[in-house]
Structures are given as structure tokens and as C-alpha cells.
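Since the structure comes first, as C-alpha cells, the remarks are kept for the end.
The values are calculated or read from the model by the stated rules, or taken from the named source; none is laboratory data. Every value quoted in this text rests on a predicted model; they were computed, and no experiment measured them. All Cβ positions, glycine included, derive from the backbone under ideal geometry; neighbour counts span all protein chains shown. All accessible areas refer to the heavy atoms of the entire protein, side chains included, with ligands and DNA or RNA removed. Shrake-Rupley method; radii C 1.70, N 1.55, O 1.52, S 1.80 Å.
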Amino acid sequence: MTKSFPTQSSLTLATFWMTVATLRRVTTSCLSQQFSQVYGPVFTVYFGMKPVVVLHGYEAVKEALIDHGDEFSGRGIFPLTERTSKGLGIIFSNGNRWKETRRFALMTLRNFGMGKRTIEERVQEEARCLVEELRKTKASSCDPTFILGCAPCNVICSIIFQNRFDYKDEIFLALMERFNKNFKMQSSLWIQLCNHFPVLIDYLPGIHNKLFENIARTKRYTLEKIKEHQESLDVNNPRDFIDCFLIKMEQEKHNSQSEFTMENLVSTVTDLFVAGTETTSTTLRYGLLLLLKHPEVTAKVQAEIDRVIGKHRSPCMQDRSHMPYTDAVVHEIQRYIDLVPHNVPRAVTCDIKFRNYLIPKGTTILTSLTSVLHDNKEFPNPEKFDPGHFLDESGNFKKSNFFMPFSTGKRMCVGEGLARMELFLFLTSILQNFNLKSLIDPKKLNATSNSGGFISLPPLYKICFIPV
Ligand code: LZ1
């Protein structure tokens with residue numbers, strides 16, 4: 001028999017718990033673990049009035065996102081994101097616009113997609129500046145959040161606007177401040193309630209108005225920069241992402257159906273900031289906490305850096321293939337921290353029969369990445385930070401199909417290559433130049449995450465960067 005949506009009794013219970021979870025800010029990944037034990041790998045929960053199908057465990061996630069890649073390639077849109085994105089850009093778009101904008105961004109973000117200066121050079125430049133900035137802390141105990149937030153944001157600036165900014169630049173600081181505020185607002189209880197009960201958006205003015213205003217301001221700034229780019233554009237020498245997009249617009253100017261429009265450019269640029277700033281900076285901050293807590297791991301990475309790179313040149317991506325231990329550590333950081341526990345919401349693009357359930361077109365789908373990254377057969381002792389999860393007996397890097405912090409399938413992260421480049425180059429540059437020191441006993445450091453709503457956050461901590 002074909003069932004429509006997973007069992008009725010689970011619905012009521014799950015609805016109740018979802019509301020409690022929202023109010024008490026219990027992490028939904030922990031809840032989804034408990035539900036899956038009772039209801040199996042496919043079940044429905046209600047966000048407010050809206051049914052959301054949750055997929056739990058590698059088999060169900062893989063079957064949906066890979067084997068039924070097309071059907072599960074839609075984006076689940078919440079009421080507030082609908083207002084802010086208007087279906088433009090990459091993250092919240094669907095259909096042909098999503099396909100074309102995604103393909104363009106993937107091509108452009110390849111290492112040689114933007115003319116003379118490669119992405120790698122831009123990240124290396126930022127890594128050098130990051131090291132200099134950390135040097136200025138003079139080995140004093142500090143919260144690394146601000147500095148580690150600047151570097152990924154600046155990489156996006158370099159890719160989009162051609163140039164990085166000084167960490168004290170007023171324009172840069174204002175830009176970062178707006179992104180940070182938006183991120184905090186979007187994780188707030190109030191915004192989550194607005195998403196569950198959208199009538200609140202129209203009838204109660206709240207902080208979401210501040211959110212809309214911030215987004216509008218950032219878009220105005222982007223539009224100004226685009227105008228500057230238009231005036232100095234040389235179609236044979238694209239300097240950055242904006243130039244590449246403008247050239248694409250020019251090529252398609254006779255196509256009235258073209259997806260390459262000014263408003264899509266502004267939204268796509270905004271999406272690259274949204275996706276590329278908070279995520280990478282949180283991973284770096286959490287990663288350094290784990291390295292601080294596990295000095296024996298850090299020492300092995302530093303030994304490998306010494307052996308492969310030495311002290312007198314900057315790390316580059318080619319080094320990674322000679323550094324299996326460091327590669328395993330970066331993978332383990334991403335696996336352990338489980339940055340986006342239930343993935344970015346998907347939607348099914350058509351009615352689909354999945355494991356005997358009928359899921360109607362447009363239904364929002366959450367996939368538990370936690371259940372894959374913390375699978376206890378693939379990664380024994382999944383709650384333990386152990387680079388051995390990605391090493392074989394001889395110390396070679398060992399791949400795993402369960403490694404999907406960037407999701408998988410047709411909607412997998414467009415910034416994967418960039419993010420992995422930043423994590424490798426920033427972390428190796430830091431460990432090449434500094435020893436990490438904690439004022440409290442490393443063993444006593446707390447490394448369990450707080451849910452920041454959409455992404456997992458590390459607890460606050462302090463760290464000293466001691467020049468080697
Ligand atoms: C994303 C991120 C955040 C929100 C939506 C999509 N991709 C980070 N990477």
C-alpha cells in the first residue's frame with residue numbers, strides 16, 4: 001500500500017515537539033535522531049502548519065539526493081527567505097534560473113575562471129594578511145572570532161569586487177557588521193516563529209524589518225560597485241566575478257528570456273557572501289578550538305607542514321596531496337563539527353513515490369547530515385574527534401562516501417572547492433607561523449556545539465597565537 005506522508009500519529013507528536021523545540025531551542029538534529037528511532041528513516045514533522053519530510057541515515061539521504069537527484073533538487077523556501085530572495089540568485093532559486101546561475105557560478109569559481117588572478121592566489125594573499133593580523137595580538141589570550149570572520153569575508157570581496165579590504169576599512173567593517181547582524185537575526189527565535197507562522201510577518205513589525213533594511217543596504221552597495229565595474233569593464237580581461245557576469249549579460253543581451261540580469265547579479269553576489277562568510281569562519285573558529293584541545297594532533301600537522309612546506313614559503317594547494325594527515329584533520333574537523341546539521345532545506349520538484357510514500361510536488365525536505373557524518377559504523381566513536389576516521393593503517397588518506405558536509409547531489413555546495421581551499425590554506429598558514437596555547441588545561445576545553453539555529457556554533461573560547 002502506498003502511504004501519503006508518514007503516519008498520522010507521528011504527525012501530531014512531531015508537531016507538538018517541533019513547537020517545543022523552537023521555543024526551547026532544542027537542537028532539531030538531536031530530536032530527529034530520536035524520531036528516527038521510533039518512525040524509521042523517513043518521517044514528517046510540522047513546522048507551524050507546514051509538513052516537512054525528514055530523511056535520516058545515509059541510505060535514505062543517498063537514495064534521495066543522488067539516486068533521485070533531479071526530483072530532490074528543488075529548494076525549500078521559507079516565508080522570510082521568499083521575501084528577501086524573490087527567487088533570484090543561487091541559494092533560493094529554482095528551475096531554469098537556478099540551473100543556469102549555478103552552472104555559471106561553478107564555472108567562474110573554478111581556479112582559472114576569472115582571468116589572470118586565480119582564486120588560489122587570492123586565498124594565499126588573504127592567508128598572509130591573516131597571519132600578520134594574528135601576529136598583532138602579540139601572543140595575548142584572545143577571542144579569535146573577529147579576525148577569523150574577516151578572512152573568509154575578504155576572500156569573497158576579492159573574488160567579487162576584485163580587491164580585499166584592510167581589516168580596519170570602514171566600508172568592510174560595515175559590510176561585515178550587516179552580515180553578522182543578519183545572521184544573528186535569522187537564527188533568532190522571533191524570525192523562526194515568523195517562518196513557522198508567516199502571518200506574523202505582515203501583522204507584527206519586528207526585527208525582520210531591520211533584516212529587510214540591512215539586506216536592501218547591502219544590495220545598494222553592490223549595485224554601486226557594479227556600476228563602477230561597468231564603467232571600467234574590459235571584456236578581454238575580466239578582473240572578478242562581477243566582470244564575468246557583466247560579460248555574460250552582454251553575450252545574452254538579445255535574449256529576452258536571459259537569466260543574466262542586473263537584479264540576478266545583485267542577488268547572486270549577495271548569495272556568495274551569505275554562503276561564503278559565516279560558514280567558513282565558523283569552521284575555522286571551531287577547527288582551531290579542536291586543534292587547541294588536541295595538541296597531539298596539532299603537533300603532527302605541524303610536523304607534516306615542516307616536512308612538506310618548510311618555513312620559508314606559503315602553503316599552496318599542491319601541498320595537500322603530500323599531506324595526508326593534514327587532509328584527514330581538515331576532513332575530521334568538518335565531520336566532527338557537522339556545521340549544517342539538517343542541510344539547507346530542499347523541495348521535491350514533482351510528485352514522487354519514495355520508499356512507498358507519496359510526497360507531493362513542492363514538499364520541503366530536510367536531510368539529516370548529522371545522521372550521515374556521525375554514522376557509528378562508518379566512523380566508530382563518531383562523537384570523538386579522531387583524524388583516524390580518514391586514515392588507513394599505513395597513514396594514507398582514506399576517502400568516505402559518508403563525508404557530505406557540503407551535502408551531495410545536484411544541489412551540492414557551489415563553494416565546496418573554495419571553502420576547502422580556504423580551510424587548508426588558512427589552517428596550514430596559521431600552524432606554520434604559530435603555536436596554539438590555551439590558558440586553561442586543553443583537556444578541560446568544552447568542544448560541544450551550541451545550535452545557532454541553522455548552523456552549529458562552537459562555545460566561546462580564548463586562544464594565544466605564539467609565533468614559532
Ligand atoms: C549555503 C550556505 C548558507 C545558506 C544557504 C546556502 N551554502 C552556505 N553554503
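Miscellaneous remarks
- Counting only helices (runs of 4 or more DSSP H) that sit completely within the stretch 55-167, those holding 2 or more residues that are of a type in the set (D, E, K, R) correspond to 58-62, 79-85, 95-108, 119-135.
- Leading residue by the ranking (surrounded by the most Cβ atoms within 10 Å (Cβ to Cβ)) among those in the stretch 45-75 that are under 19 Å from Lys377 (Cβ atoms) and not β-branched (Val, Ile, Thr): Leu55
- Scanning the stretch 392-405 for residues that are under 27 Å from Ile455 (Cα atoms), touching a residue at least 12 places away in the same chain (Cβ under 8 Å) and out of contact with any Leu (no Cβ under 8 Å at 6 or more places or on another chain), we see that the one that is least open to solvent (accessible area, probe 1.4 Å) is Ser400.
- Enumeration of residues in the stretch 329-353 that are more than 27 Å from Asp70 (Cβ to Cβ) and of a type in the set (Val, Ile, Thr): Val329, Val330, Ile333, Ile337
- Screening Glu278, Glu259, Glu296 for residues that are within 24 Å of the chain's Cα centre (by Cα) and of a type in the set (Asp, Glu) leaves exactly one candidate, Glu278.
- Residue count for the stretch 323-351, restricted to those that are more than 23 Å from Lys398 (Cβ to Cβ) and either modelled with pLDDT of 95 or more or open to solvent by less than 10 Å² (accessible area, probe 1.4 Å) (or both): 6
- The residues in the stretch 355-377 that are open to solvent by less than 20 Å² (accessible area, probe 1.4 Å), out of contact with any Lys or Arg (no Cβ under 6 Å at 6 or more places or on another chain), within 20 Å of Leu31 (Cα to Cα) and not in a strand (DSSP E or B) can be counted, and the count is 4.
- Candidates Lys410, Lys443 - the one that is within 16 Å of the ligand (Cβ to nearest atom), charged (D, E, K, R) and not in a loop (DSSP other than H, G, I, E, B): Lys410
- All positions within the stretch 316-356 that are under 23 Å from His56 (Cβ atoms) and among the basic types (Lys, Arg): Arg335, Arg346, Lys353, Arg355
- Residue count, the stretch 59-116 (criterion: over 20 Å from Ile242 (Cα atoms), among the polar types (S, T, N, Q) and modelled with pLDDT of 95 or more): 3
- Residue among Glu263, Glu259, Glu304 that is open to solvent by 20 Å² or more (accessible area, probe 1.4 Å) and part of a helix (DSSP H, G or I): Glu263
- Residue under evaluation Leu366, criteria (1) within 16 Å of the ligand (Cβ to nearest atom); (2) modelled with pLDDT of 95 or more; (3) in contact with a helix residue (DSSP H, G or I) (Cβ under 8 Å, 6 or more places away or on another chain), criterion not met: (2)
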